[in-house]
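A.B. asks: Here's a structure for you.
None of the figures in this text is laboratory data; all of them are computed from the coordinates on show. The model shown is predicted, which means the values in this text are computed figures rather than measured ones. Every residue, glycine as well, gets a Cβ built from its backbone with ideal geometry; the counts of neighbours run over all protein chains shown.
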Amino acid sequence: MSLSVTNLYLADKHQLIINGCLAGDRAAQAELYSTYCRKMMGVCMWYAKNREEAEEILQDGFVRVFKYLRTFKGEGSFEGWMRKTMVSAALSKYRNKSTHLRPVAEFNTDNYNIYEEPSFIYQYDEKELVKLIQTLSPAYRIVFNLYVFEGMKHREIAAALNISESTSKSNLADARKILQAALTKKKAIN
């Protein structure tokens, strides 16, 4: 099979699975789950404090995927749509716990370079980074992930979490500072 024929076959198979899920076919739902479970678990691990919490988010996320599958219009990638659904499940876990998302201190731009990209994270192993990010408080972890991995702007993060833009900026700067210190310490030990 040529590459384009293979891609068409995969696209058709993918669409058959989605159509089966829309029809309530349990086998199609199981196939969809097994196809994307590992990748989506990886997404959930970035937002969770541990594996058990990530599994809860994954379960909630797949419930949402099956519930809102009809809203997927086929524009863009299905995997990208699922990723957004998993992130939404993670955010809803914390959104109702507003005590986790209160600012520690008001953001002062004199103390931080908010335009500096957190490029230090790309120098380390993913599993190592996940473990470090999981040690952050929920507020720092969520803002950091939304900004760095989802590419959201502070105004978008603020709206999604019902916090101020300055809180988003402060949480990102503090998270970055904590991660840099932990990675520097780890590097010095090795």
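A.B. asks: Under the Karplus relation 6.51 cos²θ - 1.76 cosθ + 1.60, θ = phi - 60°, what is the ordered set of whole-Hz ³J(HN,Hα) values for region 135-141, x standing for Gly and Pro?
C.D. replies: 7, 5, 5, x, 5, 5, 4
A.B. asks: Next question. Figure the gain on full extension for S137 and T35 (residue separation times 0.36 nm, minus the Cα-Cα span) and round it to one decimal in nm.
C.D. replies: On the way: separation 102, 0.36 × 102 = 36.72 nm, distance 3.12 nm.
Here the answer is 33.6 nm.
A.B. asks: In which sequence would C44, C21, C37 go, from the one with the fewest C-beta neighbours within 10 Å to the one with the most? Mind dumping the intermediate values first?
C.D. replies: On the way: C44 24, C21 21, C37 12.
So the ranking, lowest neighbour count to highest, is C37, C21, C44.
A.B. asks: Also, I was wondering about something else. About its Cα centre, how strong a charge dipole does region 3-96 have in debye, to the nearest 20, once Lys and Arg get +1 and Asp and Glu get -1 at the Cβ? Each step should come with its number before you reach the end.
C.D. replies: Numbers: 14 positive and 10 negative charges, 50 e Å.
Taking the Cα centre of region 3-96 as origin, the dipole is about 240 debye.
A.B. asks: Ranking D174, D125, D25, D60 by Cβ neighbours within 10 Å, fewest first, what do you get? Please report the intermediate quantities before stating the final value.
C.D. replies: Numbers: D174 22, D125 8, D25 15, D60 18.
Ordered by Cβ neighbours within 10 Å, fewest first: D125, D25, D60, D174.
A.B. asks: Mind ordering 147-154, 88-95, 71-78 by average Cβ neighbours within 10 Å, highest first? Could the numbers behind the result be given before it?
C.D. replies: Working: 147-154: 16.4, 88-95: 18.5, 71-78: 10.4.
Listed from highest to lowest mean packing, they are 88-95, 147-154, 71-78.
A.B. asks: Once the dipole of region 3-96 is set up with Lys and Arg at +1 and Asp and Glu at -1 on Cβ about the Cα centre, which of L91, I57, Y33 lies farthest towards its positive end?
C.D. replies: Farthest along the dipole direction, towards plus: L91.
A.B. asks: Relative to the present Cα-Cα distance, how much length would full extension add between E52 and K13 at 0.36 nm per residue of separation?
C.D. replies: Details: separation 39, 0.36 × 39 = 14.04 nm, distance 3.17 nm.
So the extension gain works out to 10.9 nm.
A.B. asks: Please go through the residue pairs K49/K187; K93/K177; K84/K153; K127/K187 and name each one whose alpha carbons sit more than 20 Å apart in this structure.
C.D. replies: Numbers: K49/K187 23 Å; K93/K177 25 Å; K84/K153 15 Å; K127/K187 15 Å.
With Cα atoms farther than 20 Å apart: K49/K187; K93/K177.
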